[in-house]
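Worksheet for the structure shown next.
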Amino acid sequence: MFKIIFSDIDGTLLNHDRELSPFTIETVKKLNGTVPFILISSRMPAAMRHLQAKMDIEDQPLISYNGGLILVDDKPVSSTEIPLNILDNLANFNRELEVHLSLYHNDEWYVPKHDFWASREISNTKVQPEIQPNKQVIDKWQKEEKGAHKIMAMGEEFKIDEIVSFLSENHPNELHLYRSKPTYLEIAPRSISKLTAVEHLLNNHFNIPLSQSLAFGDNYNDLEMLKGVGMGVAVGNAKPEVMEVAHMVTHSGKEDGVARSIVEILKI
């Protein structure tokens with residue numbers, strides 16, 4: 001029997017309005033903490049807490065930035081950052097390309113300007129960024145001895161192609177590059193993944209074996225997690241490669257695939 005559930009958010013848990021459906025909220029509330037329901041996402045913590053509040057799971061840990069930051073009782077228990085020298089190299093390379101680079105550290109989110117990309121992310125995540133040029137953020141973080149939990153590059157497809165080539169060539173062993181859309185590139189430290197974060201929480205916080213964990217996802221950054229947990233479930237709209245490694249495929253995220261599977265698998 002499964003004793004813990006991990007769920008991705010975007011493309012997996014939300015309906016067509018990018019909200020939690022009443023059925024999903026009701027299903028998670030029925031678990032009543034006896035089976036912890038953990039959100040695991042590439043989002044920043046501030047873009048996840050309002051969803052936790054709706055499902056009454058604010059007391060549960062959060063895994064943000066694809067596993068780069070794990071919070072228990074709202075305090076970091078694991079933090080893995082992209083070093084500033086890589087961020088600086090990318091910012092220099094991007095001078096002429098002028099791709100939108102969003103920079104994240106814990107609940108800090110900086111955008112270089114209020115453009116189409118920033119507006120889109122504000123609408124998706126319900127969080128407001130601070131506007132500050134990339135170079136200024138790098139200088140600030142240098143003084144504070146911080147790196148980036150995530151970099152999000154957004155722009156025309158051919159420009160994102162150039163950034164992928166640059167990073168693959170110059171930092172092949174240090175970064176994970178997730179292309180969630182042709183115009184979106186999520187950049188994370190290579191040493192972490194959603195699976196490493198799941199394992200960290202299970203070993204250090206819950207004392208539950210991996211074989212008793214259930215996880216839901218839809219995209220490339222969910223691959224390792226769905227392969228590694230006791231049962232990995234891909235939603236019906238998942239990428240073909242994700243469906244291939246999942247132990248089971250359910251309804252799409254927009255059709256309450258996660259909640260319907262929980263009801264079916266846990267018989268609640």
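The values are calculated or read from the model by the stated rules, or taken from the named source; none is laboratory data. Just so it is clear, the structure is predicted and the values come from calculations on it, not from any experiment. When we count neighbours, we look across all protein chains shown, and the Cβ atoms used for this are built from the backbone with ideal geometry, even at glycine.
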Exercise. Got a sec? Which strands (runs of 3 or more DSSP E) wholly within the stretch 1-117 have at least 1 residues that are more than 20 Å from residue 203 (Cβ to Cβ), free of Cβ contacts under 8 Å to residues at least 40 places away in the same chain and outside the structural domain of residue 238 (by TED's automatic domain parsing)?
Worked result: 108-111
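Checking the structure you have, find out if any residue of the stretch 229-248 is without any contact (Cβ under 8 Å) to a residue 12 or more places away in the chain and either within 21 Å of residue 80 (Cα to Cα) or of a type in the set (Gly, Ala, Ser) (or both).
Residues of the stretch 229-248 that are without any contact (Cβ under 8 Å) to a residue 12 or more places away in the chain, as a first pass: 240, 243-244.
Narrowing the set further to residues that are either within 21 Å of residue 80 (Cα to Cα) or of a type in the set (Gly, Ala, Ser) (or both) leaves none.
Scanning the stretch 229-248 turns up no residue that is without any contact (Cβ under 8 Å) to a residue 12 or more places away in the chain and either within 21 Å of residue 80 (Cα to Cα) or of a type in the set (Gly, Ala, Ser) (or both).
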Problem set entry | Subset of the stretch 98-127 that is modelled with pLDDT of 95 or more and touching a Lys or Arg at 6+ places or on another chain (Cβ under 7 Å) - its residue that is nearest to residue 151 (Cα to Cα) | 104
Exercise. Out of (1) more than 22 Å from residue 150 (Cα to Cα); (2) out of contact with any His (no Cβ under 7 Å at 6 or more places or on another chain), the odd one out for residue 199 is which?
Worked result: (1)
Seminar exercise, completed: By residue number, the members of the stretch 209-228 that are surrounded by fewer than 17 Cβ atoms within 10 Å (Cβ to Cβ) and among the hydrophobic types (A, V, I, L, M, F, W, C) are 210
Exercise. Of the residues that make up the stretch 167-182, is at least one closer than 30 Å to residue 248 by Cβ, aromatic (Phe, Trp, Tyr) and not in a helix (DSSP H, G or I)?
Worked result: yes
